[in-house]
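S.K.: Supplied in structure tokens, the structure appears directly below.
The values are calculated or read from the model by the stated rules, or taken from the named source; none is laboratory data. Source: prediction; values computed, not measured. Neighbour counts are summed over all protein chains in view; Cβ atoms, including those assigned to glycine, are modelled from backbone coordinates with ideal geometry. To get the accessible areas, we keep the full protein, side chains included, count just its heavy atoms, and leave off ligands, DNA and RNA. Shrake-Rupley method; radii C 1.70, N 1.55, O 1.52, S 1.80 Å.
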Amino acid sequence: RPRVLSGIQPTAGSFHLGNYLGAVRQWVSLQETHDAFYMVVDLHAITVPQDPEELRRSSRLAVAQLLAAGLDPERCTLFVQSHVPEHAQLAWVMNCFTGFGEASRMTQFKDKSAKQGTEGTTVGLFAYPILQVADILLYHADQVPVGEDQRQHIELTRDVAARFNGRFGETFTVPAPYILKETAKIYDLQDPAVKMSKSASSPKGIIWLLDEPKKTAKKIRSAVTDTGTEVRYDPEGKPGVSNLLGIYSTLTGRSVAELEQAYAGKGYGALKTELADVVVDWVTPFRTRTEEYMGDPETLDAILAKGAEKARAVAAETLADVYDKVGFLPAK
Ligand code: ATP
Ligand code: MG
């Protein structure tokens, strides 16, 4: 079985619709066909300030949401990143095999640090793509299911892996991104030029999966659409409508062409009202399942303990190989 690895940040508490459609949905289907490793990346979360109690709660909440979305701990390895110390350990080595200029070209860092300016930004935020390199390479992942915004980091991972392999011999699997075209980038409902984002979206532009469904419906009904009236998929000319059509199509399995036909002559209002129903029908049971898992912290912790153990078995072996190759003395 080919292997997949991916992670999600426990920031903000609730996942948003972009996280689900762009990443988590693929994680669920890949656990059937792949040897799948999925983690809640708390090490990544602290690249920006976090309240400790809030972080602990949202880490559990992230696991609960992943289970509610359909991850099955019998079919995949589900764990929290900080439970596997090899992530931080390999990241240090990878830092030393990444060029400063190479890291400086990461657009996610540029975007995320733009607001505070580099003086207000941590070294951790700058280095987080290299931690991600370590995350992926530790497990010899063949594929990494993520949204389009992560493509550049997978490219970086490929470059660093190939460089290390070239110098020390075959060590790492060079991974490929697994990005589905239709859901690669879900856009902010108020600004369809930018991605829906935990950290950057306006409150009205983002669909939080755990929000009150009524609030969610309202946000969809007031999504920014485009001039004109025709419901047509045209990401260039009609980014708002196209975003809604993409979401609609993925959640219902109806093709975009079929939806265009169904809404011919009906206008944007009908599209938005009916999409609001579709999303509410999806999030309502999702919220209930998440609450159920949150009500049983012992089960969550047991799942995570088992996941960490399975992950460490793989990660420890990779790290030992790397430590040996770079010339560290074995600890006796
Ligand atoms: P932040 O803005 O803090 O980086 P985020 O919204 O990007 O948060 P992450 O936890 O960083 O959330 O991302 C988890 C996964 O969701 C990643 O695979 C990422 O590519 C994917 N993802 C995030 N936003 C979108 C989006 N708008 N469309 C599609 N995929 C997305
Ligand atoms: Mg992100």
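S.K.: Can you tell me which of 272, 266 is over 28 Å from residue 76 (Cβ atoms) and open to solvent by 60 Å² or more (accessible area, probe 1.4 Å)?
M.R.: 266
S.K.: Turning to a different aspect of this structure: Tally time: how many residues in region 294-319 are farther than 24 Å from residue 174 by Cα and of a type in the set (S, T, N, Q)?
M.R.: Number satisfying all stated conditions: 1.
S.K.: Failed condition for residue 128, given (1) at pLDDT 95 or above; (2) over 23 Å from residue 18 (Cα atoms), with all others met?
M.R.: If we test residue 128 against (1) at pLDDT 95 or above; (2) over 23 Å from residue 18 (Cα atoms), just (2) comes out false.
S.K.: Next question. Quick one: is residue 124 surrounded by fewer than 20 Cβ atoms within 10 Å (Cβ to Cβ), more than 16 Å from ligand 2 (Cβ to nearest atom) and farther than 21 Å from residue 311 by Cα?
M.R.: Here the answer is no, as residue 124 does not meet what is asked.
S.K.: Quick check on my filter: what residues within region 87-104 are surrounded by 13 or more Cβ atoms within 10 Å (Cβ to Cβ), more than 16 Å from ligand 1 (Cβ to nearest atom) and of a type outside the set (A, V, I, L, M)?
M.R.: 89, 95, 97, 98, 102
This table checks each residue for (1) on the phi > 0 side of the Ramachandran plot; (2) surrounded by 16 or more Cβ atoms within 10 Å (Cβ to Cβ); (3) away from ligand 2 (no atom under 16 Å from the Cβ).
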{"residue": "192", "(1), (2), (3)": "no, yes, yes"}
{"residue": "200", "(1), (2), (3)": "no, yes, no"}
{"residue": "203", "(1), (2), (3)": "no, no, yes"}
{"residue": "216", "(1), (2), (3)": "no, yes, yes"}
{"residue": "222", "(1), (2), (3)": "no, no, yes"}
{"residue": "228", "(1), (2), (3)": "yes, no, yes"}
{"residue": "237", "(1), (2), (3)": "no, no, yes"}
{"residue": "240", "(1), (2), (3)": "no, yes, yes"}
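S.K.: Considering (1) within 22 Å of residue 113 (Cα to Cα); (2) at pLDDT below 95; (3) in a helix (DSSP H, G or I), say which one residue 151 fails and leave the rest.
M.R.: Failing condition for residue 151: (2).
S.K.: Among the residues of region 47-56, is any crowded, with 19+ Cβ neighbours inside 10 Å, touching a Ser or Thr at 6+ places or on another chain (Cβ under 9 Å) and either more than 15 Å from residue 146 (Cβ to Cβ) or in contact (Cβ under 8 Å) with a residue 12 or more places away in the chain (or both)?
M.R.: yes
S.K.: Here's another thing I want to ask about it. Among the residues of region 12-46, which ones are at pLDDT below 95 and out of contact with any Asp or Glu (no Cβ under 9 Å at 6 or more places or on another chain)?
M.R.: 12 - this is the single residue of region 12-46 that is at pLDDT below 95 and out of contact with any Asp or Glu (no Cβ under 9 Å at 6 or more places or on another chain).
S.K.: Could you pull out the residue among 77, 33 that is on the phi < 0 side of the Ramachandran plot and open to solvent by 20 Å² or more (accessible area, probe 1.4 Å)?
M.R.: 33
S.K.: Out of region 145-172, which residues are more than 16 Å from ligand 1 (Cβ to nearest atom) and of a type in the set (Ser, Thr, Tyr)?
M.R.: Result: 171, single match.
S.K.: Give the residue that is nearest to residue 246 (Cα to Cα), with candidates limited to residues of region 275-304 that are of a type in the set (S, T, N, Q) and under 23 Å from the mean Cα position of the chain (by Cα).
M.R.: Within region 275-304, the match that is nearest to residue 246 (Cα to Cα) is 284.
S.K.: Run residue 22 past the list (1) within 15 Å of ligand 1 (Cβ to nearest atom); (2) farther than 21 Å from residue 289 by Cα; (3) of a type in the set (Gly, Ala, Ser) and report the number of the one that doesn't hold.
M.R.: (2)
S.K.: For the list (1) more than 21 Å from residue 127 (Cα to Cα); (2) among the hydrophobic types (A, V, I, L, M, F, W, C); (3) within 16 Å of ligand 2 (Cβ to nearest atom); (4) free of Cβ contacts under 8 Å to residues at least 60 places away in the same chain, I need the number of the one condition that residue 36 fails.
M.R.: (3)
S.K.: I need the full set of residues from region 127-150 which are among the charged types (D, E, K, R), within 16 Å of ligand 2 (Cβ to nearest atom) and open to solvent by 10 Å² or more (accessible area, probe 1.4 Å), in order please.
M.R.: Answer for region 127-150, where residues must be among the charged types (D, E, K, R), within 16 Å of ligand 2 (Cβ to nearest atom) and open to solvent by 10 Å² or more (accessible area, probe 1.4 Å): 148, 149.
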